[in-house]
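So the structure is just underneath, and the comments pick up after that.
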Amino acid sequence: PSRIPCPHDSLLNNKWVNPYADTLKRLRDAFDSGRTRPAEFRLIQLRGLSRFLNENRKLLLDTLAQDLSKPAFEADISEIILCETEIKLALNNLHTWMKDERVEKNLVTQLDSAFIRKEPYGVTLIISPWNYPLNLLLMPLVGAIAAGNCVVLKPSEISKSMEKVIAEVLPQYLDKNCFATVLGGPQEATILLKNRFDYIFFTGSPRVGRIVMSAASKYLTPITLELGGKNPCYVDDNCDPQNVANRVAWFRFFNAGQTCVAPDYILCTRETQEKLLPALQNAVTQFYGKDPQGSPDLGRIISDKHFHRLRGLLGNGRAAIGGQSDEQERYIAPTVLVDVKETDPVMQEEIFGPILPILNVQSIDEAIAFIRKREKPLALYAFSKNSKVVNKVLDQTSSGNFGGNDGFMFMTMTSMPFGGVGHSGMGEYHGKFTFDAFSHRRGCLLRSPYLEMIDKIRYPPYSPGHQRL
Ligand code: NAD
């Protein structure tokens, strides 16, 4: 990628000046020249990405610590290792993925060649958020490269240190004519989106997702939207409370709760709540000690804006666990809220922080009705020792992904599509699904130029016998 100066004023003397025109032309020319199409080119770029991760591992971990105080273990498994796994998979399977797929033929095409060609879209755009600033930029990039596209990367301006690394270090590992980085926030992104792309991959909030979708509609550009929302977590009476508490606490407080697939709230009966609370307190103490603020294993909130938003939510219901905060450090304690009402602010927006409300329901049917009344979430979880209960929740609800008796472990599986549905997004990726997302599947039928003797029976003038054809 090459660094593009941020445009502050794109209107000079009322004349539209497109600050990205040169960069996009460079990428367009590179794509049109066909240089991204050979497998060898794609493999070289993927190996470049792999070296970027390998040679800069310490820098990347330090950068994630600067932006989010990410514990090294969390950063390593959720940002670096997942990307490395994706790259390895793409390197090992690229030739197979790229191959034309033969398809079944009907009677009249028996002598022809029928297949699906996996075609790169062209010049694509990847816009990513700040919570996993490396993962959410590179995971789509792996598939975009594998599928043979040119790419403009727009990292989040909020994870500032990582934005700098993406602008300054990553370009050393990729072809500069085919990959570019655009820096900046909403203002720059708005101008960028006025340009025509062949495909847009956006990860972020539903609010901005709508803006991206409407910009894409101008050119009918195909898109993937990876959005967020409130992920319900149903806990059945028939469960091992400590086991559930360990799993829920880990994936709720991982990255200080700033995870799109984290459980947003628990639904359970009051009796189960009473068993879960001491178990959750136990899990928090085991993980982060008696004073979680002193723990090196708990991240911090990304910005003052998000810190103040979250601190405001701490006053909803009653903090049965945690509830403390420290503005200086942007620290919010791992918190569990009880006596929360459906109408409280904490239940109106995606929490995106280390706060876990528990809402009481009388039965599984009430929990399912509660979930179905709301937007389709990105992820949905159900915990029970009884597999019938887990399957009932699965069967009677809809969500981007589903986890039975655990958290976001499905994110580690390259064989699993990841993505939202409806309000939580559209399209899917991870593993080969990312290659597919960035490829147009072109149905091709190559017929013989001969055999007109057979084909001509379809032409007019039609006789009564044609009706039976
Ligand atoms: P955001 O929507 O505010 O920003 C995402 C990206 O869009 C950033 O790069 C930002 O600069 C850009 N942007 C902001 N305003 C824009 C505009 N007007 N036009 C074009 N681009 C604009 O999201 P965020 O705060 O960075 O991230 C948090 C959200 O992302 C949460 O809702 C979370 O659930 C979601 N998320 C989803 C996934 C997923 O995989 N589905 C992963 C992580 C985060």
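The values are calculated or read from the model by the stated rules, or taken from the named source; none is laboratory data. Being a predicted model, the structure only gives us computed values, none of them experimental. Virtual Cβ from ideal backbone geometry, glycine too; neighbours counted across all protein chains shown. Just so you know, the surface numbers come from the protein's heavy atoms only, side chains and all, with ligands and any DNA or RNA stripped out. Shrake-Rupley method; radii C 1.70, N 1.55, O 1.52, S 1.80 Å.
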Kindly provide the set of residues from segment 249-272 that are out of contact with any Ser or Thr (no Cβ under 9 Å at 6 or more places or on another chain), farther than 19 Å from residue 412 by Cα and surrounded by fewer than 20 Cβ atoms within 10 Å (Cβ to Cβ), ordered by number. 270, 271
Scan segment 306-327 and report the pairs whose first residue is closer than 11 Å to residue 355 by Cα and modelled with pLDDT of 95 or more and whose second residue is surrounded by fewer than 18 Cβ atoms within 10 Å (Cβ to Cβ) and of a type in the set (Gly, Ala, Ser), with Cβ atoms within less than 6 Å and a gap of 6+ or a chain change. 314/323
Do we find a residue being open to solvent by less than 50 Å² (accessible area, probe 1.4 Å) and in contact with a Lys or Arg (Cβ under 6 Å, 6 or more places away or on another chain) anywhere in segment 117-124? yes
What number goes with the only condition from (1) under 30 Å from residue 97 (Cβ atoms); (2) part of a loop (DSSP other than H, G, I, E, B); (3) open to solvent by 20 Å² or more (accessible area, probe 1.4 Å); (4) not aliphatic (A, V, I, L, M) that residue 172 does not pass? (2)
Counting only residues in segment 346-373 that are of a type outside the set (A, V, I, L, M, F, W, C) and touching a Pro at 6+ places or on another chain (Cβ under 9 Å), the one surrounded by the fewest Cβ atoms within 10 Å (Cβ to Cβ) is identified as 350
How many of the residues making up segment 225-259 are basic (Lys, Arg), assigned to a helix (DSSP H, G or I) and under 21 Å from the mean Cα position of the chain (by Cα)? 1
Restricting attention to segment 278-309, which residues are under 27 Å from the mean Cα position of the chain (by Cα), acidic (Asp, Glu) and loosely packed, with under 14 Cβ neighbours inside 10 Å? 304
Those residues of segment 14-62 which are free of Cβ contacts under 8 Å to residues at least 40 places away in the same chain, part of a loop (DSSP other than H, G, I, E, B) and not aliphatic (A, V, I, L, M), in sequence order: 14, 33, 34, 38
Those residues of segment 102-140 which are of a type outside the set (Val, Ile, Thr) and part of a strand (DSSP E or B), in sequence order: 102, 113, 114, 115, 117, 118, 119, 120, 125
Filter segment 216-248 down to the residues that are out of contact with any strand residue (DSSP E or B) (no Cβ under 8 Å at 6 or more places or on another chain) and small (Gly, Ala, Ser), then identify the one that is most open to solvent (accessible area, probe 1.4 Å). 217
Every residue in segment 177-229 that is among the β-branched types (Val, Ile, Thr) and more than 7 Å from the ligand (Cβ to nearest atom), please. 181, 182, 191, 200, 221, 223, 224
Would you say residue 124 is of a type outside the set (Lys, Arg), in contact (Cβ under 8 Å) with a residue 24 or more places away in the chain and farther than 27 Å from residue 33 by Cβ? no
For segment 225-232, does any single residue satisfy the condition of being among the acidic types (Asp, Glu) and out of contact with any Ser or Thr (no Cβ under 7 Å at 6 or more places or on another chain)? no
Residues 128, 69, 50: which one is hydroxyl-bearing (Ser, Thr, Tyr), surrounded by 18 or more Cβ atoms within 10 Å (Cβ to Cβ) and more than 28 Å from residue 197 (Cβ to Cβ)? 69
Residue pairs within 8 Å by beta carbon, gap of at least six or interchain, first lying in segment 405-419 and basic (Lys, Arg), second at pLDDT 95 or above and not in a helix (DSSP H, G or I), listed first then second, are none
Matching residues, segment 323-340, being crowded, with 17+ Cβ neighbours inside 10 Å and closer than 20 Å to residue 272 by Cβ: 334, 335, 336, 337, 338, 340
